[in-house]
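Peer 1: Here it is, the structure, as structure tokens.
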Ligand code: ADP
């Protein structure tokens, strides 16, 4: 059984993340989604809210995914779960340098865990959680960026704030 681990902030999950997950599930039998919990990182949504949105948006593949949280090294978590590969998404060249550094750091930490990268569909290549949050602050149309459930949560947050 091929097991992968997809780490990220998912603050919030977007169609870009979902595209990567669907591509990864064509290769991996099981994919752990690892929601990073970093108390120093200012997220719009707390850990439970981010998990709730992921669960909601991935109901159609719930038997192949499992959501975890982590405040430890990703490679440690991968090993503990029996995942052989870390899955990441690539958009533009700007992602490359960071991912290049992370992959090499992870290899130094654990030679047994490798990384694989999926290129997103063109229509999602400009999309990030940060952009989505900025559009939400200015009450822009988010329907092409994230599923309706997430769009509603973004609207609630920006009304509350
Ligand atoms: P992180 O803070 O770990 O980068 P993100 O949730 O922003 O967490 O991203 C997690 C992963 O998903 C990263 O590999 C990122 O490149 C990828 N990703 C995010 N948005 C997209 C997108 N629109 N297309 C492809 N990959 C994406």
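Just so you know, all these numbers are worked out from the coordinates, no wet-lab data involved. Bear in mind the structure is a predicted one, so any value in this text is a computation, not a measurement. FYI the Cβ positions are ideal-geometry reconstructions off the backbone, even for glycines, and counts take in every protein chain you see.
Peer 1: By how many nm would the segment from residue 119 to residue 98 lengthen if fully extended, with 0.36 nm per residue of separation less the alpha-carbon distance? Working shown, then result.
Peer 2: Values: separation 21, 0.36 × 21 = 7.56 nm, distance 1.51 nm.
Additional length available on full extension: 6.0 nm.
Peer 1: Would you calculate a helix-derived [θ] at 222 nm for the chain, using -39,500 (n - 2.57) for each DSSP H run of n ≥ 4 and dividing by the full residue count, to the nearest 500? If you can, show how the numbers build up before the last one.
Peer 2: On the way: 6 runs with 68 residues, N = 161.
It comes out at -13000 deg cm²/dmol, rounded to the nearest 500.
Peer 1: Under a plain spin-label model, where a point goes 7 Å from the Cα along Cα-to-Cβ, how far apart in nm are residue 149 and residue 108?
Peer 2: So the two model labels end up 4.0 nm from each other.
Peer 1: Then there is this: Between helix 15-24 and the chain, what is the angle of the helix's C-alpha long axis to the longest principal axis, kept within 0 to 90° and rounded to the nearest 10?
Peer 2: Orientation of helix 15-24: about 30 degrees from the principal axis.
Peer 1: Could I get the Rg over Rh figure for region 43-136? Both from C-alpha atoms, Rh via Kirkwood, rounded to two places.
Peer 2: Values: Rg = 14.9 Å, Rh = 15.4 Å.
Ratio of gyration radius to Kirkwood radius: 0.97.
Peer 1: Okay, next question. How big is region 21-96 along each principal axis, measuring the range of its Cα positions in Å and listing the largest first?
Peer 2: That gives 34, 30, 29 Å along the principal axes, largest extent first.
Peer 1: So, one more: How long, wide and thick is the chain, going by the Cα atoms along their three principal axes, in whole angstroms, largest first?
Peer 2: Largest to smallest, the principal-axis extents are 46, 33, 32 Å.
Peer 1: Can you pull the one-decimal nm distance between simple spin-label points at residue 158 and residue 60, each 7 Å off the Cα toward Cβ?
Peer 2: It works out to 2.6 nm between the two label points.
Peer 1: Next question. Give the order of 115, 143 when sorted by the count of other beta carbons within 10 angstrom, beginning with the fewest.
Peer 2: Working: 115 20, 143 10.
Exposure proxy ranking, most exposed first: 143, 115.
Peer 1: Kindly put 118, 145 in sequence by how many other C-beta atoms sit within 10 Å of each C-beta, fewest to most. Could the numbers behind the result be given before it?
Peer 2: Working: 118 18, 145 23.
With the fewest neighbours first, 118, 145 line up as 118, 145.
Peer 1: Would you order 68, 85, 17 from fewest to most other beta-carbon atoms within 10 Å of each residue's own beta-carbon? Could you put the intermediate results ahead of the total?
Peer 2: On the way: 68 14, 85 19, 17 25.
Least to most surrounded, the residues fall as 68, 85, 17.
Peer 1: Rounded to the nearest 0.05, what FRET efficiency is calculated for residue 139 and residue 48 with R0 set to 22 Å and r the Cβ-Cβ distance?
Peer 2: Working: r = 25 Å, r/R0 = 1.15.
FRET efficiency, residue 139 to residue 48: 0.30.
Peer 1: Quick check: residue separation of residue 126 and residue 38 times 0.36 nm, minus the Cα distance between them. What number comes out in nm? Before the final figure, lay out the partial values.
Peer 2: On the way: separation 88, 0.36 × 88 = 31.68 nm, distance 2.48 nm.
My answer for the length gained is 29.2 nm.
Peer 1: What's the extension gain from residue 69 to residue 81 if we count 0.36 nm per residue and subtract their Cα-Cα distance? Intermediate results must be reported in sequence, preceding the final value.
Peer 2: Values: separation 12, 0.36 × 12 = 4.32 nm, distance 1.21 nm.
Contour length minus Cα-Cα distance gives 3.1 nm.
Peer 1: Any idea what the relative contact order of the chain is, in percent, if you count C-alpha pairs under 8 Å spaced at least 6 apart?
Peer 2: 30
Peer 1: Here is a further query. Round to the nearest 10 and give me the degree value, 0 to 90, for the angle of helix 47-57's Cα axis relative to the longest principal axis of the chain.
Peer 2: 90
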